[in-house]
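Dropping a structure here in structure tokens format, bear with me for questions.
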Amino acid sequence: MGEVIAVISGKGGVGKTTAVANLGLGIAFEGKKCALVDFDLGQRNLDMILGLENRVVYDMVHVMDGEASLKQALVKSKVNENLFFLAASQTKDKSVLESSKIKKLIDDLRKEYEFVILDAPAGIEGGFEHTIEFADTAIIVVNPEVSSIRDADRAIGILDSKSQKVKDGLEVKKYLIINRIRPEMVQTGEMLKSSDIFEILNIELLGKIPEDKGIIDASNRGNPIILNNNSLAGEAYKRISARLCGKKVPIVNVESLHGDGIFKKIAGIFK
Amino acid sequence: MGMFDFLKKKESSSVAKDRLKVAIMTDRESTKANFMMEGMKSEIVEVVRKYMGVKKVDIVKEVIDGMDSISIDIHFEPSSH
């Protein structure tokens with residue numbers, strides 16, 4: 001039985017969908033079968049990031065309503081045969097989501113795939129609860145920025161009370177990804193350090209991703225950044241994917257990656 | 001410590017950390033209280049419904065003379081007989 005991972009955040013725009021696309025590919029490159037499901041109904045985006053928007057015929061609601069089979073609706077990745085994608089519906093109302101139908105969809109997926117990754121809608125309304133309800137694991141994506149961190153904590157609170165696993169007396173695994181770290185700002189004390197963030201949120205750190213201009217270019221083309229071998233963010237996603245597949249990969253101190261910034265050089269002169 | 005350190009503003013990252021700690025602590029308490037209230041409400045409705053029709057249940061938490069108290073108002077359907 002595969003592991004079901006919900007990728008969540010409190011506030012929108014922190015890079016959740018980008019994370020889902022890259023982790024999906026990263027896991028597929030590790031040789032594991034992986035299905036990505038876009039749960040952001042009405043605001044489908046994962047198809048664009050994956051570059052698969054032209055191949056979507058059926059979406060998740062078609063499958064749940066029995067209008068298409070899972071096999072018909074899943075779109076195969078262009079770059080790796082281990083990766084499949086199920087689109088969110090673009091038109092139907094969010095109220096079509098029923099727990100029993102979602103459970104069936106997720107159970108069917110976990111029979112076939114080693115990893116099932118759910119891209120949660122932003123915020124903590126409606127669709128969010130459905131995304132976390134049947135997840136074994138939650139990955140919380142934050143930016144090193146106050147509103148993102150505060151909202152993430154609220155999302156974790158709701159996860160802890162609405163998850164079926166928690167209701168059954170079991171534990172939902174929770175991991176943190178800190179995205180869009182700007183090393184030079186951390187070094188000058190203008191941006192929260194990763195250690196501060198996981199101390200505040202009190203969950204296990206899964207990885208740190210530096211801000212990377214290449215992300216926009218990657219989205220423009222529909223080629224996730226993990227496919228770019230010269231990208232720091234892409235490398236970070238490779239490490240995180242390997243960790244999710246059970247490999248012991250040490251956390252890289254992303255904050256010091258550009259350690260020879262102008263401030264350090266000036267400081268160096270006076271040493 | 002340099003002699004002009006007092007001129008330096010506190011780093012904004014540590015200001016953020018302090019503010020977040022306080023804000024999150026308050027948020028967590030209210031989230032917890034909300035879930036408690038929700039749970040309590042639905043159980044009360046279940047119990048009262050065995051005996052009479054319930055319209056709604058209001059739970060208000062307040063502090064009276066320095067004592068924490070909870071008042072529960074049950075609005076029930078008027079009986080048909």
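The values are calculated or read from the model by the stated rules, or taken from the named source; none is laboratory data. Predicted model only: the values in this text are computed from it and were never measured. Here the Cβ is made from the backbone with ideal geometry for all residues, glycine too, and neighbour counts use every protein chain on show. Side chains are part of the model used for accessible areas, which takes the heavy atoms of the whole protein and leaves out ligands, DNA and RNA. Shrake-Rupley method; radii C 1.70, N 1.55, O 1.52, S 1.80 Å.
For chain B, which whole-number percentage of the solvent-accessible area (1.4 Å probe, protein heavy atoms only) is attributable to carbon and sulfur atoms?
Using a 1.4 Å probe with all protein chains present, chain B comes out at 59 percent carbon and sulfur.
Could you provide, to the nearest whole Å², the per residue accessible area of chain A with probe 1.4 Å? Before the final figure, lay out the partial values.
On the way: 12200 Å² over 271 residues.
For chain A, the per-residue accessible area is 45 Å².
Kindly compute the accessible surface that chains B and A hide from a 1.4 Å probe when together, both sides summed, and give it to the nearest 100 Å². Spell out each step's value before the answer.
On the way: alone 7630 and 12890 Å², together 19100 Å².
Buried area (both sides, nearest 100 Å²): 1400 Å².
Within a Cβ distance under 11 Å of A:Val20, other residues only, what is the Lys/Arg minus Asp/Glu net charge? Mind dumping the intermediate values first?
Numbers: positive: A:Lys16; negative: A:Asp38, A:Asp40, A:Asp119.
That works out to -2.
Putting +1 on Lys and Arg Cβ atoms and -1 on Asp and Glu Cβ atoms, find which of A:Val116, A:Ile149, A:Gly127 reaches farthest to the positive end of the dipole of the stretch A:106-171.
A:Ile149
Another question about this same structure. How high is the relative contact order of the stretch A:3-269? Use alpha-carbon pairs under 8 Å, at least six apart in sequence, and give a whole percent. Each step should come with its number before you reach the end.
Values: 528 pairs, mean separation 65.4, N = 267.
The value is 24 percent.
Round to a whole number: what % of the accessible area of the stretch A:134-198 belongs to carbon and sulfur, probe 1.4 Å? Spell out each step's value before the answer.
Working: 1150 of 2490 Å².
Of all accessible area on the stretch A:134-198, carbon and sulfur atoms account for 46 percent.
What translational D, rounded to a whole number of µm²/s, comes out for the stretch B:11-76 from Stokes-Einstein when the hydrodynamic radius is the Kirkwood one over Cα pairs, at 10 °C and 1.306 mPa s? Walk me through the intermediate numbers first.
On the way: Rh = 14.6 Å.
Taking Rh from Cα pairs, D becomes 109 µm²/s.
Taking only DSSP H segments of four or more residues, each worth -39500 (n - 2.57), what value at 222 nm results for chain A once the sum is divided by all its residues, to the nearest 500 deg cm²/dmol?
Details: 13 runs with 112 residues, N = 271.
Taken over chain A, the calculation gives -11500 deg cm²/dmol.
With only alpha-carbon atoms counted, please give the Rg and Dmax of the protein assembly as shown, in Å.
When restricted to the Cα atoms of the protein assembly as shown, Rg and Dmax are 23.7, 93 Å.
Going by a ≥ b ≥ c, the root eigenvalues of the Cα gyration tensor, does the stretch A:13-172 fall in the rounded group (a/c under 1.5), the prolate group (a/b larger than b/c) or the oblate group? Walk me through the intermediate numbers first.
Numbers: a/c = 1.44, a/b = 1.26, b/c = 1.14.
Taking the square roots of the gyration eigenvalues as a ≥ b ≥ c, the stretch A:13-172 is rounded.
With angles folded into 0 to 90 degrees, how steeply does helix A:16-29 sit against the dominant principal axis of chain A? Use alpha carbons for both and round to 10.
Result, in degrees: 80.
How well do other chains shield peptide B:10-23, expressed as the mean number of their Cβ atoms within 10 Å of each residue Cβ?
Numbers: counts 1, 4, 6, 10, 4, 2, 10, 9, 0, 2, 10, 3, 0, 5.
Mean partner-chain Cβ count within 10 Å for B:10-23: 5.
Per residue, how much accessible surface does the stretch B:11-76 expose to a 1.4 Å probe? Answer in Å², no decimals. Don't skip to the end; give the middle numbers.
Numbers: 4970 Å² over 66 residues.
Heavy-atom SASA per residue in the stretch B:11-76 reads 75 Å².
Pairs to check: A:Lys173/B:Lys56; A:Lys32/A:Lys165; A:Lys78/A:Lys104; A:Lys208/B:Lys41. Give those whose C-alpha atoms are more than 31 Å from each other in this structure. Before the final figure, lay out each step's value.
Values: A:Lys173/B:Lys56 37 Å; A:Lys32/A:Lys165 24 Å; A:Lys78/A:Lys104 27 Å; A:Lys208/B:Lys41 42 Å.
Beyond 31 Å between Cα atoms: A:Lys173/B:Lys56; A:Lys208/B:Lys41.
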